[in-house]
1. Every residue in region 68-85 that is of a type in the set (D, E, K, R), more than 25 Å from Trp139 (Cβ to Cβ) and surrounded by 13 or more Cβ atoms within 10 Å (Cβ to Cβ), please.
2. Hey, could you check region 156-174 for residues that are touching a residue at least 60 places away in the same chain (Cβ under 8 Å) and not in a strand (DSSP E or B) and say which is nearest to Ala35 (Cα to Cα)?
3. Being assigned to a loop (DSSP other than H, G, I, E, B) and of a type in the set (D, E, K, R) is the filter; apply it to region 1-25 and report the residue that is surrounded by the fewest Cβ atoms within 10 Å (Cβ to Cβ).
4. Out of the residues in region 123-155 that are under 30 Å from Asn85 (Cβ atoms) and in a strand (DSSP E or B), state the one that is modelled with the lowest pLDDT.
5. Please pick out the residue among Glu43, Glu27 that is over 11 Å from the mean Cα position of the chain (by Cα) and on the phi > 0 side of the Ramachandran plot.
6. So Gly96 clears everything in (1) within 22 Å of Arg15 (Cα to Cα); (2) in a loop (DSSP other than H, G, I, E, B); (3) of a type in the set (Gly, Ala, Ser) except one condition, right? Which one?
7. Looking at region 26-66, which of the residues that are in a loop (DSSP other than H, G, I, E, B) and among the aromatic types (Phe, Trp, Tyr) is surrounded by the most Cβ atoms within 10 Å (Cβ to Cβ)?
Amino acid sequence: MNVRSELNINGGSRRILLAAKDEETPEHVALRLTAAILFFDREPALETGPSDPLVADIGFFPDLVVPDGEGGIGVWIECGNVAVNKLTKVARRLRGGRLVILKESAEEGFRMRKVIQKEISKGEKVEVWAWPREEFARWTAAIQESNYVFGEASGSALNLVLNETAFSTQLIVC
């Protein structure tokens, strides 16, 4: 599933294409779209690969990444399920940048938070944001192959319209 979106967020405008990989579920793509909107003002890179100097020394690839403007990583973003091994290594190798994980529900977010606290040194530096379950179901249902999004995003809050569905949602910080 490829998702094309025209984003009009916080007074700016950009067209994006989220090309889903074979293993990605529609829910994962919906979380990636959420991240692209939440970090819209910082112009996140939607795709990274082995030749990208931003992630070359990390050994893993994020779902989205926000450059810090000085050749480093400002925000490393993971969506949905992510291996603890990957989080441990990324958290250790990320110098000064933020590590944000987006989850489909508060239950999943708090479960991830417990795993992070138990398994990752300095896990308090890892941010976990989660959709309220019912709102995420509405969000996923509203996404089409071609989308129009208009509104505002600030921190972990969304106040926007996706196609013809309105959202005023505060993601839960877990």
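1. Across region 68-85, the qualifying residue is only Asp68.
2. So the residue we want is Ser156.
3. Asp22
4. Val126
5. Testing whether each residue is over 11 Å from the mean Cα position of the chain (by Cα) and on the phi > 0 side of the Ramachandran plot leaves just Glu43.
6. Against the list (1) within 22 Å of Arg15 (Cα to Cα); (2) in a loop (DSSP other than H, G, I, E, B); (3) of a type in the set (Gly, Ala, Ser), Gly96 comes up short only on (1).
7. So the residue we want is Phe39.
One line per residue, one yes/no per condition, for (1) touching a strand residue (DSSP E or B) at 6+ places or on another chain (Cβ under 7 Å); (2) farther than 28 Å from Leu54 by Cβ; (3) of a type outside the set (Asp, Glu):
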site	(1), (2), (3)
Arg95	no, no, yes
Arg113	yes, no, yes
Phe136	no, yes, yes
Glu145	yes, yes, no
Gly155	no, no, yes
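The values are calculated or read from the model by the stated rules, or taken from the named source; none is laboratory data. Here the structure is a predicted model, which means the values were calculated and not measured. In this analysis, Cβ positions are derived from the backbone assuming ideal geometry, glycine residues included, and neighbour counts consider all displayed protein chains.
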